[in-house]
Amino acid sequence: MAAKLRKGDNVVVLTGKDKGKTGAITSIDPKSGKAIVDGLNIAIRHTKQSQATQGGRTPKAMPIQLSNLAIVDSNGKATRVGFRMDGDNKVRFAKTTGDAI
């Protein structure tokens, strides 16, 4: 099955502590059904000091379930993704506007 959300897509968070915020997808794990969105769902990770690194508290983007993300259309609103054929190519399109993504 084709992926509705891909790396580089601008998405909006539908639920959770970052509800309503938008960002770009930096990576996707299709097996677990989660994606990492740049600048969203940030957690503080503590690292121990070593000879190579300073150590301390570092912010890290944690994965978000794909069902809690929606792609942003050209109007800036959340939309669902559909598939259609343009000639011989299968393309994704926004259900609200009908524009190809």
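Values for this structure:
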item: Nitroxide proxy distance, nm - points 7 Å out along Cα→Cβ at Gln65 and Lys7; result: 2.5
item: Alpha carbon convex hull of the chain, projected area averaged over orientations, nm²; result: 8.4
item: Peptide ranges 46-52, 67-73, 27-33, 13-19 listed from the most packed, as the mean C-beta count within 10 angstrom indicates; result: 67-73, 13-19, 27-33, 46-52
item: From phi via Karplus (6.51, -1.76, 1.60), per-residue ³J(HN,Hα) for segment 86-96 in Hz, x at Gly/Pro; result: 10, x, 9, 9, 8, 10, 8, 9, 7, 5, 6
item: Cross-link pairs beyond the 23 Å C-alpha cut-off, checked among Lys19/Lys95; Lys4/Lys60; Lys4/Lys95; Lys31/Lys77; result: Lys4/Lys60; Lys31/Lys77
item: Cross-link partners of Lys21 among aspartates and glutamates (Cα-Cα below 19 Å; sequence separation of 8 or more within a chain); result: Asp9, Asp38, Asp73
item: The chain, dipole about Cα centre (Lys/Arg Cβ +1, Asp/Glu Cβ -1), debye to the nearest 20; result: 420
item: Long-range amide H partners of Thr96 with built H, under 5 Å; result: Arg80
item: Value of relative contact order over segment 1-71, rounded to a whole percent, pairs C-alpha under 8 Å and six or more apart; result: 31
item: Table column - 3J(HN,Hα) (Hz), segment 23-40, Karplus curve with 6.51, -1.76, 1.60, x for Gly and Pro; result: x, 9, 6, 9, 7, 10, 10, x, 5, 8, x, 10, 9, 9, 9, 4, x, 10
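Values in this text are rule-based calculations from the coordinates and carry no lab data. All figures in this text were calculated on a predicted structure; none of them were measured in a lab. Virtual Cβ from ideal backbone geometry, glycine too; neighbours counted across all protein chains shown.
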